[in-house]
Amino acid sequence: LLENNLLAYEDLEQKAQTTTSTFNELSAKIKAAEKRMGEIAVLKTHIINYAKTRDTYTAYRKAGYSKMFYEEHTAHLLLHKSAKAAFDELQMKKLPTVKTLQAEYAELLSAKKKAYAEYVTVKKSMQEIQTAKANVDRLLGYDDLLKEKEKTQEQR
């Protein structure tokens, strides 16, 4: 407490709230980046599959939707249809290029790494502050007061 100049209980409580909120913000930021990175990976896979199977699908259409052609190229046609369904679900007018998706992914990855480095230090700091606050609460008897309040609320 002396090292962090937290001699007043209000300062300790404020610092605990600040570090906790910063930790939660960084955690949410990292989770959002991971979610978007997952979306990009799926979209990139669909774009690549669509490009690889476009010629097969065009040949299938030219063959008059032949059952024999379908049986020979089922895997490619299913990949094409699933990619097309994913694009229709996204309702995008124009699909992004794989290159732009890779650039966005790289940008998100670097932002995530920076946030994670800060996340680790903030987490350690938050744990230290929370431990110190819990110790002070126990020493000052705030812990007992909280337990009594909880018991009276449960009894009601």
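Checking each residue in region 90-102 for being within 21 Å of the chain's Cα centre (by Cα) and open to solvent by 60 Å² or more (accessible area, probe 1.4 Å) picks out Leu90, Thr100, Gln102.
Could you grab me the full set of residues in region 48-94 that are part of a helix (DSSP H, G or I) and touching a Ser or Thr at 6+ places or on another chain (Cβ under 8 Å)? Within region 48-94, Asn49, Tyr60, His76, Leu77, Leu79, His80, Ala83 qualify. A single member of Val136, Val120 is open to solvent by less than 90 Å² (accessible area, probe 1.4 Å), within 21 Å of Ala16 (Cβ to Cβ) and either touching a Pro at 6+ places or on another chain (Cβ under 6 Å) or at pLDDT 95 or above (or both), and it is Val120. Selection of region 123-138 for residues being among the hydroxyl-bearing types (Ser, Thr, Tyr) and either within 13 Å of Asp11 (Cα to Cα) or in contact (Cβ under 8 Å) with a residue 40 or more places away in the chain (or both) yields only Ser125.
The values are calculated or read from the model by the stated rules, or taken from the named source; none is laboratory data. Just so we're clear, the structure is a prediction, and the values are computed from it rather than from any experiment. Cβ coordinates were reconstructed from backbone atoms using ideal geometry, including for glycine residues, and neighbour counts include every protein chain displayed. Keep in mind that these areas ignore ligands, DNA and RNA; they rest on the heavy atoms of the full protein, side chains included. Shrake-Rupley method; radii C 1.70, N 1.55, O 1.52, S 1.80 Å.
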